[in-house]
Amino acid sequence: MAAMDTDAVAKAFVEHYYSTFDTNRAGLANLYQDASMLTFEGQKFQSSQNITAKLTSLPFQQCQHQITTVDCQPSGPAGGMLVFVSGNLQLAGEQHALKFSQANFFRFIWF
């Protein structure tokens, strides 16, 4: 197998994740597993169902992420990757964007 371009994989993941977040947060459920965990402002949510419930309960319906940075680091021999994203979050009806950052760890599953 050819060497993987980790930057390209990270950017594709980020594009998919935030595009889905902005248009259909419930659609993020298939990106999480039962062992997945989201820490959001000090609260921990584990499992795809609980994470999706938290994300869909956020107090805004429409938003648009504007990604500023995507930094990635391969992690371990099992195909994991740590991706750090930062940027702006524009909420519908708001004049000023909010700053955000998020770290994601994921492992590739090859079929």
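The values are calculated or read from the model by the stated rules, or taken from the named source; none is laboratory data. The structure presented is a predicted model; accordingly, all values stated were derived computationally and were not measured. Counting neighbours? That spans all protein chains shown, and the Cβs are built from the backbone with ideal geometry, glycine included. SASA here: full protein model, heavy atoms, side chains in, ligands and nucleic acids out. Shrake-Rupley method; radii C 1.70, N 1.55, O 1.52, S 1.80 Å.
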**Request:** Using a 1.4 angstrom probe, figure out how much accessible area the chain has per residue, in square angstrom, rounded to the nearest whole.
**Result:** 68 Å²
**Prompt:** Amide H neighbours of Ser36 under 5 Å, counting only residues 5+ apart in sequence or on other chains, H built in-plane at 1.01 Å?
**Reply:** Ser47, Ser48
**Message:** Using only the alpha-carbon atoms of the range 1-65 as identical scatterers, what base-10 log of I(q)/I(0) does the Debye formula give at q = 0.24 Å⁻¹?
**Reply:** -1.08
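Run through the range 1-91 and list the chymotrypsin sites (Phe, Trp or Tyr not before Pro) located in a DSSP loop whose Cβ has at most 14 other Cβ atoms within 10 Å.
Hits after loop and neighbour filter: Phe60.
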**Prompt:** In whole percent, how big is the carbon plus sulfur part of the accessible area of the chain, probe 1.4 Å, protein atoms only?
**Reply:** 52 percent
**Item:** R0 of 35 Å, Cβ-Cβ distance Asp5-Gln33: FRET efficiency to nearest 0.05
**Value:** 0.90
**Prompt:** Per-residue HN-Hα couplings for the range 34-49, Karplus 6.51 cos²θ - 1.76 cosθ + 1.60 at θ = phi - 60°, whole Hz, x for Gly and Pro?
**Reply:** 4, 7, 5, 9, 10, 10, 10, 6, x, 9, 10, 10, 10, 4, 4, 4
**Item:** From the coordinates shown, P(r) over Cα pairs in 5 Å bins from 0, in percent corresponds to which of [x] 2, 11, 23, 27, 23, 12, 3; [y] 2, 10, 19, 24, 22, 13, 6, 2, 1, 0; [z] 2, 12, 22, 21, 18, 13, 8, 2, 1, 0
**Value:** [y]
**Asked** Roughly how many debye, to the nearest 20, is the charge dipole of the chain about its Cα centre, given +1 on each Lys and Arg Cβ, -1 on each Asp and Glu Cβ, and no other charges?
**Response** 220 debye
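Per DSSP H run of n ≥ 4, the term is -39500 (n - 2.57); total these for the chain, divide by its residue number, and report the mean residue ellipticity at 222 nm rounded to 500 deg cm²/dmol.
-8000 deg cm²/dmol
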**Fill in**
Rounded to the nearest Å, the spacing of the alpha-carbon centers of the range 53-111 and the range 1-44 is 7 Å
**Message:** Cross-link candidates for Lys54: which lysines have Cα within less than 23 Å, leaving aside residues fewer than 8 places away along the same chain?
**Reply:** Lys44, Lys99
**Request:** Let me know the Kirkwood hydrodynamic radius for the range 69-108, please, with Cα pairs as the basis and the value in Å to one decimal.
**Result:** 11.7 Å
**Cα long-axis angle, helix 6-23 against the chain (0 to 90 degrees, to the nearest 10)** = 30 degrees
